[in-house]
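Asks: The structure follows.
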Amino acid sequence: METIKFANYGEKRERIATESELEIYVLLCNMTGRDDFDLVRKSDNYVSMVLGDWDIARIKFTPRAKWVLFPIVESASSKHKITAPTDVSEFADLLADSIAHVEKYSN
C-alpha cells in the first residue's frame, strides 16, 4: 500500500531569514507606520511579510537572488529585482495598494 504524503505548502514554518531579509521587513513595516505585520516562512524560496493570512510582500535576499514581490496586486512573474535592502523604498505605492486591498476584503 502506498503512503499518502501531504505537502506543507502554505503552512507557517520556523522563520529562517537572512539579515538583509530582516532589514527589508523592518523597512517595509516602517514605511507603513503599522506594527501588526509578521514575518513568516511559508515557502522554502522566500519569507513573507503577512497581515493576518494575507501575504503583503514576499522577500528574497540571498547572494544568488535579490527580489521583492507584492502578490496581492501583482502576478508571480513581477518580481522586482533589488540590489540593496533600501531599494524597497521605491515600492511604497505597491505596499499601500496591497494593504488597502487587505483592508477592503477583510472583516
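Asks: Based on what the data block shows, is ASP36 within 17 Å of SER106 (Cα to Cα) and modelled with pLDDT under 95? Lay out the reasoning, then the answer.
Replies: Values: within 17 Å of SER106 (Cα to Cα): yes; modelled with pLDDT under 95: no.
No, not satisfied.
Asks: Residue check: is LYS42 buried (at least 16 other Cβ atoms within 10 Å of the Cβ), closer than 22 Å to THR83 by Cα and charged (D, E, K, R)? Give the steps one after another, and end with the answer.
Replies: Details: buried (at least 16 other Cβ atoms within 10 Å of the Cβ): yes; closer than 22 Å to THR83 by Cα: no; charged (D, E, K, R): yes.
Spelling it out, it is not the case that LYS42 is buried (at least 16 other Cβ atoms within 10 Å of the Cβ), closer than 22 Å to THR83 by Cα and charged (D, E, K, R).
Asks: For the stretch 3-21, does any single residue satisfy the condition of being surrounded by 19 or more Cβ atoms within 10 Å (Cβ to Cβ), in contact with a strand residue (DSSP E or B) (Cβ under 8 Å, 6 or more places away or on another chain) and modelled with pLDDT of 95 or more?
Replies: The answer is yes; a qualifying residue exists.
Asks: Same structure, new question: State yes or no: is VAL40 without any contact (Cβ under 8 Å) to a residue 60 or more places away in the chain and closer than 17 Å to GLU23 by Cα?
Replies: yes
Asks: Here's a follow-up. Return the pair list, or none, for Cβ contacts closer than 6 Å from residues in the stretch 83-102 that are at positive phi to residues that are crowded, with 19+ Cβ neighbours inside 10 Å and of a type outside the set (Phe, Trp, Tyr), at least 6 apart or on different chains.
Replies: none
The values are calculated or read from the model by the stated rules, or taken from the named source; none is laboratory data. As the structure is a computational prediction, the values presented were derived from the model and not from experiment. Positions of Cβ are backbone-derived with ideal geometry, glycine not excepted, and every protein chain shown enters the neighbour counts.
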